[in-house]
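Worksheet for the structure shown next.
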Amino acid sequence: MPFEEARQASLKAGSLAWVSLVDPDENEFDVFAGSLGAEPHLLREATRFPHRSSVERHESWLVGVLPVLQDPGLAVGAAGEGGLGSEGCDWVLVIAVEEPNMIVTLTHGEPVVTDRLRRRAEERPELLTLGSESILLEMVGEVVGDYEHAAGVIDGCIRRAEVTVMEGRSRDVVRRIHTYTSQAVELQQAIMPLASALERLVEEDAPLSLRQATRIRHRALRVTEEFDGARARLSSLLQVNLTVVGQKISAWGAILIVPSLIAGVFGMNFEGAWWTKADHGFEVMLAVMFLISASLYIWFKRSGWL
């Protein structure tokens with residue numbers, strides 16, 4: 001229905017209007033802002049750089065900026081290694097209006113983002129009786145849940161990378177470590193401001209559901225800490241991988257230097273040396289080089305350097 005009709009319908013007791021705008025144009029901004037008595041340029045400013053999460057009070061509105069993961073699940077690349085899906089991160093600007101009872105979402109990206117959040121809210125009809133602000137907080141909780149799942153995905157990827165490094169199979173592990181690090185940094189930057197924003201909201205807004213907002217804040221803090229831990233583990237894993245590679249290079253250098261020294265010494269132009277006149281002297285030297293090199297290889301293999 002037209003926006004004005006939805007606004008009038010939401011004025012009835014027990015009613016809630018949900019307006020979803022996907023990549024709104026200038027006219028849609030003007031219509032929405034004019035109907036609710038807002039300045040259109042303020043909304044445009046709010047949607048210009050919405051890559052970091054926030055929930056703030058603006059007069060009678062509760063406004064949330066939520067970077068939403070389209071696919072927080074596991075995707076398998078060509079190399080068979082897991083990672084976050086390539087869908088990336090879109091954002092949703094959520095506005096909860098007290099009077100009339102209305103939720104407005106302005107989405108950048110595919111509408112599947114808000115469709116998924118709306119379906120989750122509709123699965124709990126009791127939310128509709130609590131008002132638009134409770135629904136907004138429920139949407140924030142759903143978004144935090146996606147980031148929790150993404151943190152779990154990155155944790156699983158790091159565990160597999162750790163096994164790869166410890167087993168010495170470091171063919172493409174450096175590229176994977178850098179990929180996981182960039183993903184962890186991007187996700188952490190998106191979710192980090194949410195905890196402090198919810199804390200300010202609880203302190204300033206007594207009528208707001210204290211328990212609901214506090215619970216979401218604790219979850220957001222835990223997710224941020226998990227991303228902190230993931231970045232620290234990845235940095236440590238990169239150093240461990242460099243150490244393992246250095247050990248391999250040192251071990252092979254020690255193995256190869258023995259036949260090089262023997263060949264260098266016994267290959268000199270000595271006159272009257274016994275090995276130049278002995279029967280099978282050349283074969284004996286080859287056998288000695290092979291035995292010493294094989295012994296060193298076995299020793300380094302057992303010590304974990306190879």
Of (1) at pLDDT below 80; (2) part of a strand (DSSP E or B); (3) surrounded by fewer than 19 Cβ atoms within 10 Å (Cβ to Cβ); (4) not β-branched (Val, Ile, Thr), residue 91 satisfies all except one. Which? (3)
Taking region 13-28 and keeping only residues that are out of contact with any Phe, Trp or Tyr (no Cβ under 9 Å at 6 or more places or on another chain) and acidic (Asp, Glu), one is left with 23, 25, 26
In region 119-174, residue surrounded by the fewest Cβ atoms within 10 Å (Cβ to Cβ) [restricted to those that are part of a helix (DSSP H, G or I) and of a type in the set (Ser, Thr, Tyr)]: 129
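The values are calculated or read from the model by the stated rules, or taken from the named source; none is laboratory data. Predicted model only: the values in this text are computed from it and were never measured. When we count neighbours, we look across all protein chains shown, and the Cβ atoms used for this are built from the backbone with ideal geometry, even at glycine.
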